[in-house]
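Since every read-out is calculated from the coordinates, none of them should be taken as a lab result. Keep in mind it's a predicted model, so treat the numbers as computed, not measured. Glycine also receives a Cβ, built like all others from the backbone with ideal geometry; neighbour counts cover every protein chain displayed.
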Amino acid sequence: MLPIPVGTTAVLDVVVRPDHTVDFDEMGNVHPVYATYTMAKHFEEAGRKLLVPHLEPGEAGIGTSVSVEHLAPSWVGDTLRVTARCVEVRDGRLTCECRATDSYGRDLGRGATVQLVRPAALIEARLSEEARRSRRGASDAGGLPVPGRD
């Protein structure tokens, strides 16, 4: 499982679009620059791009952690390169160090992602509608309110 050598990389090239900028649901548009939460998404996507070619038949990966330190702004139209580099594979977990740089070589962000690899059937079962319903039932049984239900 996960024969990924430390140092293996995957690259995701991104052109910043308006929907990549800071726009909060309640507060609306805040800043016309590349959002930290979008960088987190791109870190996860680059890590996934690294993982997928190494999955065995019947395996699947699911993200368990992402960290982002946003170092500098970038604007709509800027070209970015997001790189995920394998730093550890242990106990079915792939840890990637991630970096985002712009076309001028400026470091825009750094961070890490962790993905857990398990049998695809197990992950699908845990993410199924039935699992969601049983979780709701567990909340009911525990005396906790379930939104939308009396």
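Remark: the chain carries a charge dipole of roughly 300 debye about the Cα centre, counting +1 on each Lys and Arg Cβ and -1 on each Asp and Glu Cβ. For Ala72, the shell of other residues with beta-carbons less than 9 Å away shows a net charge of -1, using +1 for Lys and Arg and -1 for Asp and Glu. Prolate is the label for region 16-58, because a/c, from the alpha-carbon gyration tensor with a ≥ b ≥ c as root eigenvalues, is 1.5 or above and a/b exceeds b/c.
On the basis of the beta-carbon distance and an R0 of 35 Å, Glu56 and Arg136 show a calculated FRET efficiency of 0.55. If you run the Gaussian network model on the chain, springs between alpha carbon atoms under 10 Å, then out of Gly61, Gly28, Gly105 the most flexible one is Gly28.
Residues in region 58-73 carry Karplus couplings, in order, of x, 9, 9, x, 9, x, 10, 7, 8, 10, 9, 10, 8, 9, 7, x Hz; the curve used is 6.51 cos²θ - 1.76 cosθ + 1.60 with θ = phi - 60°, and Gly or Pro positions show x. For region 9-141, the relative contact order is 27 percent, taking Cα pairs closer than 8 Å that sit 6 or more residues apart in sequence and dividing their mean separation by the residue count. Please give the net charge around Gly58, taking every other residue with its beta carbon less than 15 angstrom from that of Gly58, where Lys and Arg add +1 and Asp and Glu add -1. Summing Lys/Arg as +1 and Asp/Glu as -1 gives -2.
Here is the P(r) of the chain: all C-alpha pair distances, binned every 5 Å from 0, give 2, 9, 16, 15, 13, 13, 13, 11, 6, 2, 0, 0 in whole percents.
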